[in-house]
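Worksheet for the structure shown next.
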Amino acid sequence: MKVAIYANEGRRSTIISQRLKKKFADTHFIYDEKNPDIVVTVGGDGTLLSAFHKYAAIIDTVRFVSVHTGHLGFYTDWREDEIDDLVVSLQSDNGQAVNYPLLDIRVKYQGLAKAVNYLALNESTLKRNSATMVTDVYIGGEFFEKFRGDGLCISTPTGSTAYNKSLGGAVIHPNLKVLQVTEISSINNRIFRTLSSPMIIAPSDWITLIPDRQSDYILTVDQDTFHGKQIEQIRYKISKKSIHFAKYRHMQFWRRVQDAFIGNEFGN
């Protein structure tokens, strides 16, 4: 098996990644950062997001497993004191995986002949830099509304617990291959109206945004930011690709949500 380690720059993460690399060498794993079968991330959910984008070109063939060096995240299953157990699990690996849907983003920029494609694990947002964002919203090719406000957030089911949740969006189980559209401070008055509610979009449909012709839009794809080009159109759809996690043990999704947002303080 070919393995790679992707760690953040924190001191604890660096120490753990060095320990892991030595254990992989001692147990005769092949260390291959360019074309690994398994990527072990060390850090938190942000580290996993960065690793996902680094290996997006081989997303069909690589699996991820994460060690957290802080609080338990939604993508990190192993603690730093469980390194030995993780290596043993990798030694007995039989290809098991849990798959989560991704967001396909297709952007047409003014002046470019071809659209630019991105993949997101959590979400993508469109905002304006210094004024109200105005954009036509289409669902499945049919005009739905003209949105005015600070912006729109389009998220995956796993991303529903991230920025989307802070905007009042619903938490969605990752077994549902849907996308969610959540408004960011929409304008609703006697003249301008939006739905003013999160929307769950079926996997067979897609969301198209056609913004007013301005050049100061800011597009985000997970933690990456793109600006400076005039956007003609953005299409969002559930991707045919998925991210694959090597799951040797699995925390039930709603237990993970409970642990992250509620905790046991008021439990039995």
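Worth a mention:
- Here E9 meets each of (1) among the acidic types (D, E); (2) surrounded by 15 or more Cβ atoms within 10 Å (Cβ to Cβ); (3) at pLDDT below 95 with one exception, condition (2).
- Test result for K177, touching a residue at least 60 places away in the same chain (Cβ under 8 Å) and of a type in the set (D, E, K, R): yes
- Residue within segment 10-33 that is within 27 Å of T220 (Cα to Cα) and free of Cβ contacts under 8 Å to residues at least 12 places away in the same chain present: no
- A4 vs. criteria surrounded by 21 or more Cβ atoms within 10 Å (Cβ to Cβ), touching a residue at least 12 places away in the same chain (Cβ under 8 Å) and in a helix (DSSP H, G or I): no
- Once segment 143-161 is narrowed to residues that are of a type outside the set (V, I, T) and touching a helix residue (DSSP H, G or I) at 6+ places or on another chain (Cβ under 8 Å), the residue that is nearest to S239 (Cα to Cα) is S155.
- Pick from segment 144-165, criterion surrounded by fewer than 23 Cβ atoms within 10 Å (Cβ to Cβ) and among the small types (G, A, S), ranking: farthest from L119 (Cα to Cα): G149
- Residue among D93, D77, D81, D136 that is more than 28 Å from D224 (Cα to Cα), among the charged types (D, E, K, R) and either touching a Ser or Thr at 6+ places or on another chain (Cβ under 9 Å) or in contact (Cβ under 8 Å) with a residue 60 or more places away in the chain (or both): D93
- Selection status of L179, among the hydrophobic types (A, V, I, L, M, F, W, C), crowded, with 22+ Cβ neighbours inside 10 Å and in contact with a strand residue (DSSP E or B) (Cβ under 8 Å, 6 or more places away or on another chain): yes
- If you filter segment 117-138 down to residues that are within 25 Å of the chain's Cα centre (by Cα) and surrounded by fewer than 15 Cβ atoms within 10 Å (Cβ to Cβ), you find that the one that is modelled with the lowest pLDDT is N129.
- Beta carbons closer than 9 Å, at least 6 apart along the sequence or on distinct chains, pair a first residue in segment 237-260 that is in a loop (DSSP other than H, G, I, E, B) with a second that is at pLDDT below 90 and charged (D, E, K, R) for K247/D77; Y248/D77; R249/D77; H250/D77; M251/D77; M251/D259.
Let's see how each residue does on (1) of a type in the set (S, T, N, Q); (2) closer than 30 Å to M251 by Cα; (3) part of a strand (DSSP E or B):
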| residue | (1), (2), (3) |
| --- | --- |
| Y138 | no, no, yes |
| S160 | yes, yes, no |
| I172 | no, yes, no |
| V181 | no, yes, yes |
| I184 | no, no, yes |
| E232 | no, no, yes |
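- Among the residues making up segment 166-209, those that are polar (S, T, N, Q) and either touching a His at 6+ places or on another chain (Cβ under 7 Å) or farther than 23 Å from L119 by Cβ (or both) are S185, S186, N188, N189, T194, S196, S197.
- Candidates are the residues of segment 34-44 that are surrounded by 15 or more Cβ atoms within 10 Å (Cβ to Cβ) and without any contact (Cβ under 8 Å) to a residue 40 or more places away in the chain; the one that is nearest to S92 (Cα to Cα) is D37.
- Among (1) closer than 27 Å to R63 by Cβ; (2) surrounded by fewer than 15 Cβ atoms within 10 Å (Cβ to Cβ), the one test that P101 misses: (2)
The values are calculated or read from the model by the stated rules, or taken from the named source; none is laboratory data. Model, not experiment: these values are computed from the prediction. Backbone-built Cβ (ideal geometry, glycine too); neighbour counts: all protein chains shown.
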